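The values are calculated or read from the model by the stated rules, or taken from the named source; none is laboratory data. Treat the numbers as computed from the prediction; the structure is a model and nothing was measured. Glycine gets a Cβ as well: all are built from the backbone with ideal geometry, and neighbour counts include every protein chain shown.
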Amino acid sequence: MVLKSSKSAHIRQTLFANRSFLLPYVLFCLLFLSFIWAYGNSTFFLFVNSLNSQLLDTLFYYFTYLGDGTLAAILVIGLLWVSYRDALTFLIITLLITILVSILKDHIFPELNRPVAYFGTTHYLHLVAGYKPPILSTFPSGHTATAFSIGLYLSILSKQPITKYILFIVAFFVGYSRMYLSAHFPADVVGGATLGVIITLLCYNLSLNLNGAWGDKHIKYKPSFFSRGQKS
């Protein structure tokens, strides 16, 4: 009973401490699901995809790469300077998301195609020059799942509410970029965001129960570049 109570307290504390990230996430999901229910997944996608400009083409072309997995790998390495527990936890989060996204796309929802396959390369779609949208296996969005896992984990490490809110905005725009680039439908983005949030919360709270002094250790070496200007 004591152990279960402790776990519940950890989860409640994590949720409350990161409300500046999680509340906007919940509102975003409710809003998107409401539009999907009211207008349909494909119609809502076409509306979002139609709001385009040359500036947004450039912005979202590069923005979408924040969710391609490279940033997640960099974060795993960077967390080694925070604690070995955090680095291991986020590595597990990234691996789980990669595996679950692959299973959902290829084995559970393999018949769901992406916008290009659904609509064809017609005048309905806005296609950004230089970006070739994938065709098959659309649900959920792996880029969005990765972006929300990164954003939420950094939010957990941050103590500033404004930083948590900014991290949500960045994660949201990664998801939005997937629709803008004709790579995913709105439901894929909501599904990816939810997968990223749930896996991150579960793994982080489970990691708090790992005992051992190794978990609190971290790499102490700092490259000489960061030591410049310091008085000896």
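A few notes on this one:
- Taking segment 114-125 as the range and being at pLDDT 90 or above and not aliphatic (A, V, I, L, M) as the test, the residues that pass are Arg114, Pro115.
- Residue satisfying condition, being among the hydroxyl-bearing types (Ser, Thr, Tyr) and either buried (at least 19 other Cβ atoms within 10 Å of the Cβ) or over 18 Å from the mean Cα position of the chain (by Cα) (or both), within set Tyr124, Tyr62: Tyr124
- Subset of segment 139-159 (residues that are surrounded by 24 or more Cβ atoms within 10 Å (Cβ to Cβ), assigned to a loop (DSSP other than H, G, I, E, B) and of a type in the set (Ser, Thr, Tyr)): Ser141
- Unique residue being free of Cβ contacts under 8 Å to residues at least 60 places away in the same chain, in contact with an Asp or Glu (Cβ under 6 Å, 6 or more places away or on another chain) and of a type outside the set (Phe, Trp, Tyr) when the list is Leu79, Leu91, Leu136: Leu79
- Where Val116 falls short, out of the listed (1) closer than 19 Å to Val48 by Cα; (2) free of Cβ contacts under 8 Å to residues at least 40 places away in the same chain; (3) among the hydrophobic types (A, V, I, L, M, F, W, C): (2)
To keep it simple, each residue is scored yes or no on (1) within 16 Å of Phe109 (Cβ to Cβ); (2) surrounded by 24 or more Cβ atoms within 10 Å (Cβ to Cβ).
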| site | (1), (2) |
| --- | --- |
| Pro161 | no, no |
| Ile166 | no, no |
| Phe172 | no, no |
| His184 | yes, yes |
| Ala187 | yes, no |
| Val197 | no, no |
| Asn205 | no, no |
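- With respect to the stated conditions, Thr94 is at pLDDT 95 or above, β-branched (Val, Ile, Thr) and buried (at least 16 other Cβ atoms within 10 Å of the Cβ).
- Residues that are surrounded by 15 or more Cβ atoms within 10 Å (Cβ to Cβ) and of a type in the set (Gly, Ala, Ser) within segment 97-121 comprise just one, Ala117.
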